[in-house]
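Report on the structure given below.
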Amino acid sequence: MAAILKSSNFKLLTRNSVIRYSYRTAYYVLLPEIPPDTPETNPVLRTGELLDYTPISAEKCLNAVAKLSLEQESGIWKLENQLTEPGSCVTFESIMDPLERLSAPLDAAWGVARTLYVTDSERMPSEIYKQIHKRARKSRSLKFQSKPIYEACKGLMNENQKLDQKQKRLLNKYILEGRLNGSELNESGLKYYIEVSRKLEEHKSKFQQKVEKATSRFSLVLTDPNSVRDFPSELLRATALDSSAPSRGPWKITLQPHIYSTFMEYCSDPLLRWNVWQANRARGSSSGDSALTTSLDLEEIRFQRRDQVKLLGYPSFAAMSMETKMAGSVGNVNKMIELLLEKAFPAQEKELATLENFARERGFEGSLNMWDVPYWRRKQVSSLCQHEEGDIREYFPLPRVFTGLLALIEEIFNIHFELINQHKNGTTAWHEDVSLYAVRHSDGKLIGHFYFDPFSRIGRKLLSREAASWMISTRSRSDMMNHTPVASVVMNFTPNLHGIPSLLSFQQVQTLLAKIGHALQHMLTESPYSEVAGLTNLEWDAVQISAQFFQLWSSDWTTMSKISGHFESGQPLARETLNQLNQAAVHMSGHDLCQQLYLSALDMELYSTKDFWLDVVKRLWPKFQRFPLEKTDAHPCNFTDIVSQDMAAAYYSHTWSKMVAADIYSAFQEVGMEDRTALRTVGERFRKVVLANGGTVPPSETFRQFRGRDPSPDALLNYAKLK
């Protein structure tokens, strides 16, 4: 524990369990003993190097983060003293340079720990990583909760010093974060703000725990083999009580997302589908266990968020949320929803009518319900795409896909990838299957590095399901600390077997494209400061734009002909087959879009109005949904994304990023996807205008620089075949 000694310079405050200082009266804090680790004894502290992961352990990560956190905290307190000294000369460099020297090493060490947490659970157990995460996050937030730093940044902006756009963007980040953390409040207001924040965190935790308990409490055990006859092998393995004999049963169905969604697609019994569907939708409702009812918790969280932002001068939580979004205002979000819904809702009507006719032709009786759609939709897609997934996989061997993808990026963005000999360079990764690449400009100048960890390792990776994948920002660019960016792309592909390479599904190819796109956004930044480099400081609704943009390339025949090739003959995927896959990808896109728009509108309304959540649902439901609202349906009571997690008044970001990504992709289509010279011209402009700027320029501005206008929904509607 730290000791506290009284002085006459500043006063100790607490905010969200983070020690904070405002210079009024006085306490000195004697820090706990700093871990004795040095860069010589602990490689995690060598943050400017590419590491040899062989000797790295959870203990070394924990000690490194603890040491760097303490150094950052003491450094910030020292900076606060300097900023508040009478007659001190405050410049951009006198604020940001010390903060960069303190923050960049901590973020890099945290990135190493985060990478091990995802890729090697034996070396980085969950319990230890949670300690690291909590410690690093607490320390990192301190600079944004410092009133002296806030005042100094605000003063620089008001003095109209000669600052470039990137410097202003960085100062504005600290000003905005400071304001959102209550730096403009007086002492009594700050005290109340802290108390509201504490209660909010308590209720969010309670809501999350109740939903998790309700989720885990439900199970349905199937003993009839006919009930699981259509189940894919992965679902059988995930549900079999005896995992060594997945085809024998019995099979336990739960509400875990990866089991629930696949079950709804493959269960042929409508009564079983209804049973599982209503259990999922009723979590947190008053119809279940009263101890797990979340209605009051939801309302309390909404009230506390309103109370919190009212102190900060915002009319609603949704309005405050727009401060950190590319959309800029609630009105712009609602406008996007209206424009897309105008095309999506009529399309949904036709899609569901067609689906119902399809089901009746195959023996279904009565009218389709919500719980019937996933099953019959899968059947309808199968009838449209005449190829089995196993046949498609044969055209996507991982070596061909990956080398073709890197060659495509080199060609279009004028950069170069170099495979690193890890043993020769002393940069051994965390597993022998992991490759390390240097990314260079066309003149050979180093940009950064990325690790590629392709294969599933059951029991070692954070999740071992095929669909699980990550792009980890292992280290951000920082010119002052000589940090070049490092990204880690982690997948869960089936390993090579008996001389046959890993064969990818079309969906896995799309996911790989998205993760590589995300990594390029991180690596190709030209920001000298880590706090606004790559994905850092990027508006929430813009974070996924690069990933969504790269995923769209899977619809282009010229692209896919270069990254596909039968694992035996080398023959690329047939154009007709790709057309069928593209058709399947946008199947029922009107229905899908309506569901996303409904959840986005629900989120915005819950955080814009005081109406009871059920009244909000009843008002919005018929505008987006064709099916009636079931009495037991209490989906907001288990909507953790927007209630207890980080997507409150931000759920629309999923659709917004797709809309912007489709608009950017259309710029490439306009010059002709087969004209590689023209594509390189557009690609280099995209790299320099969008990717290079990262968080240093608002994405709304970079988009206007790239496209010459604001984003339009037209490209997304075209891609989804809704226009």
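What's the number of the only condition in (1) open to solvent by less than 30 Å² (accessible area, probe 1.4 Å); (2) part of a helix (DSSP H, G or I); (3) not polar (S, T, N, Q) that GLY182 fails to meet?
Checking GLY182 against (1) open to solvent by less than 30 Å² (accessible area, probe 1.4 Å); (2) part of a helix (DSSP H, G or I); (3) not polar (S, T, N, Q), the one that fails is (2).
Answer yes or no as to whether ALA318 is assigned to a helix (DSSP H, G or I) and touching a Ser or Thr at 6+ places or on another chain (Cβ under 6 Å).
Judged against the criteria, ALA318 is a match.
Kindly check whether there is at least one residue in segment 522-537 that is free of Cβ contacts under 8 Å to residues at least 12 places away in the same chain and surrounded by fewer than 19 Cβ atoms within 10 Å (Cβ to Cβ).
no
Limited to segment 251-274, what total is found for residues that are surrounded by fewer than 16 Cβ atoms within 10 Å (Cβ to Cβ) and touching a strand residue (DSSP E or B) at 6+ places or on another chain (Cβ under 7 Å)?
1
Determine whether segment 343-360 contains at least one residue that is small (Gly, Ala, Ser), open to solvent by less than 40 Å² (accessible area, probe 1.4 Å) and closer than 30 Å to LYS658 by Cα.
Yes, because at least one residue in segment 343-360 is small (Gly, Ala, Ser), open to solvent by less than 40 Å² (accessible area, probe 1.4 Å) and closer than 30 Å to LYS658 by Cα.
I want to confirm something. Restricting to segment 103-125 and keeping residues that are of a type in the set (Gly, Ala, Ser) and either without any contact (Cβ under 8 Å) to a residue 60 or more places away in the chain or in a helix (DSSP H, G or I) (or both), which single residue is surrounded by the fewest Cβ atoms within 10 Å (Cβ to Cβ)?
Once the filter is applied, the top-ranked residue is GLY111.
Return yes or no: is GLY284 at pLDDT 95 or above, on the phi > 0 side of the Ramachandran plot, open to solvent by less than 20 Å² (accessible area, probe 1.4 Å) and part of a loop (DSSP other than H, G, I, E, B)?
Here the answer is yes, as GLY284 does meet what is asked.
Which number in (1) open to solvent by less than 40 Å² (accessible area, probe 1.4 Å); (2) part of a helix (DSSP H, G or I); (3) within 17 Å of ALA650 (Cβ to Cβ) marks the one condition that MET326 misses?
Going through the list (1) open to solvent by less than 40 Å² (accessible area, probe 1.4 Å); (2) part of a helix (DSSP H, G or I); (3) within 17 Å of ALA650 (Cβ to Cβ), MET326 breaks only (2).
Go through the residues of segment 364-371 one by one and say whether even a single one is surrounded by fewer than 12 Cβ atoms within 10 Å (Cβ to Cβ) and touching a residue at least 12 places away in the same chain (Cβ under 8 Å).
Within segment 364-371 (the criterion being surrounded by fewer than 12 Cβ atoms within 10 Å (Cβ to Cβ) and touching a residue at least 12 places away in the same chain (Cβ under 8 Å)), the answer is no, since none of the residues qualifies.
Per-residue answers, yes or no, for (1) out of contact with any Leu (no Cβ under 8 Å at 6 or more places or on another chain); (2) at pLDDT 95 or above; (3) of a type in the set (A, V, I, L, M); (4) open to solvent by less than 60 Å² (accessible area, probe 1.4 Å):
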{"position": "LEU70", "(1), (2), (3), (4)": "no, yes, yes, yes"}
{"position": "LYS78", "(1), (2), (3), (4)": "yes, yes, no, no"}
{"position": "GLY87", "(1), (2), (3), (4)": "yes, no, no, no"}
{"position": "THR91", "(1), (2), (3), (4)": "no, no, no, yes"}
{"position": "ASP97", "(1), (2), (3), (4)": "yes, yes, no, yes"}
{"position": "ARG101", "(1), (2), (3), (4)": "yes, yes, no, no"}
{"position": "GLN131", "(1), (2), (3), (4)": "no, yes, no, no"}
{"position": "ALA136", "(1), (2), (3), (4)": "no, yes, yes, yes"}
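Which residues, counting only those in segment 668-721, are open to solvent by 20 Å² or more (accessible area, probe 1.4 Å), outside any helix (DSSP H, G or I) and among the aliphatic types (A, V, I, L, M)?
Answer for segment 668-721, where residues must be open to solvent by 20 Å² or more (accessible area, probe 1.4 Å), outside any helix (DSSP H, G or I) and among the aliphatic types (A, V, I, L, M): just MET673.
Among residues belonging to segment 452-479 that are part of a strand (DSSP E or B) and in contact (Cβ under 8 Å) with a residue 60 or more places away in the chain, point out the one that is surrounded by the most Cβ atoms within 10 Å (Cβ to Cβ).
Selected residue: ARG475.
Does THR427 satisfy the condition of being part of a loop (DSSP other than H, G, I, E, B), open to solvent by less than 60 Å² (accessible area, probe 1.4 Å) and not charged (D, E, K, R)?
In short, yes.
Collect the residues in segment 378-402 that are in a helix (DSSP H, G or I) and surrounded by 15 or more Cβ atoms within 10 Å (Cβ to Cβ), keeping them in residue-number order.
ARG378, LYS379, GLN380, VAL381, ILE392, ARG393, LEU398, ARG400, VAL401, PHE402
If we only count helices (runs of 4 or more DSSP H) wholly inside segment 494-567, which ones have 1 or more residues that are over 22 Å from ALA467 (Cα atoms)?
506-523, 557-563
For segment 300-312, enumerate the residues that are open to solvent by 40 Å² or more (accessible area, probe 1.4 Å) and touching a residue at least 24 places away in the same chain (Cβ under 8 Å).
Listed by number, the residues that qualify are GLU300, ARG306, LEU311.
Quick one: GLU202 ticks every box in (1) open to solvent by 50 Å² or more (accessible area, probe 1.4 Å); (2) farther than 30 Å from THR293 by Cα bar one, so which box is it?
Condition (2) is where GLU202 drops out.
Run down PRO86, PRO55 and say which single residue is touching a Pro at 6+ places or on another chain (Cβ under 8 Å) and assigned to a loop (DSSP other than H, G, I, E, B).
Only one candidate passes the filter, namely PRO55.
Go through (1) in contact with a Phe, Trp or Tyr (Cβ under 7 Å, 6 or more places away or on another chain); (2) open to solvent by 40 Å² or more (accessible area, probe 1.4 Å); (3) of a type outside the set (Lys, Arg) one by one and return the number of the condition LEU552 breaks.
(2)
In segment 642-666, how many are part of a helix (DSSP H, G or I), under 19 Å from GLN308 (Cβ atoms) and open to solvent by 10 Å² or more (accessible area, probe 1.4 Å)?
So the answer is 0.
Would you point out the residue of segment 608-641, among those that are closer than 23 Å to GLU202 by Cβ and either in a loop (DSSP other than H, G, I, E, B) or acidic (Asp, Glu) (or both), that is least open to solvent (accessible area, probe 1.4 Å)?
If we take residues in segment 608-641 being closer than 23 Å to GLU202 by Cβ and either in a loop (DSSP other than H, G, I, E, B) or acidic (Asp, Glu) (or both), then ALA634 is least open to solvent (accessible area, probe 1.4 Å).
Can you pull out the residues in segment 605-646 that are over 27 Å from the mean Cα position of the chain (by Cα), in contact (Cβ under 8 Å) with a residue 60 or more places away in the chain and closer than 22 Å to LEU352 by Cα?
Within segment 605-646, LYS623, ARG626, PHE627, GLU630, ASP633 qualify.
Restrict the check to segment 194-215 and report whether at least one residue is assigned to a loop (DSSP other than H, G, I, E, B) and among the small types (Gly, Ala, Ser).
no
Can you spot a residue in segment 534-548 that is modelled with pLDDT under 95, farther than 27 Å from ILE392 by Cα and polar (S, T, N, Q)?
yes
Suppose we keep only residues that are touching a Pro at 6+ places or on another chain (Cβ under 8 Å) and among the charged types (D, E, K, R) within segment 58-70. Which one would you say is farthest from SER121 (Cα to Cα)?
LYS67
Read through the list (1) surrounded by 19 or more Cβ atoms within 10 Å (Cβ to Cβ); (2) out of contact with any helix residue (DSSP H, G or I) (no Cβ under 9 Å at 6 or more places or on another chain), then give the number of the only condition that GLN571 fails.
GLN571 satisfies all of (1) surrounded by 19 or more Cβ atoms within 10 Å (Cβ to Cβ); (2) out of contact with any helix residue (DSSP H, G or I) (no Cβ under 9 Å at 6 or more places or on another chain) except (1).
Could you tell me whether any residue of segment 484-503 is closer than 21 Å to SER103 by Cβ and open to solvent by 20 Å² or more (accessible area, probe 1.4 Å)?
yes
The values are calculated or read from the model by the stated rules, or taken from the named source; none is laboratory data. These figures come from a predicted structure and were not determined experimentally. Note: ideal-geometry Cβ built from the backbone for every residue, glycine included; neighbour counts use all protein chains shown. Calculation scope for accessible area: heavy atoms of the full protein, side chains included, ligands and nucleic acids excluded. Shrake-Rupley method; radii C 1.70, N 1.55, O 1.52, S 1.80 Å.
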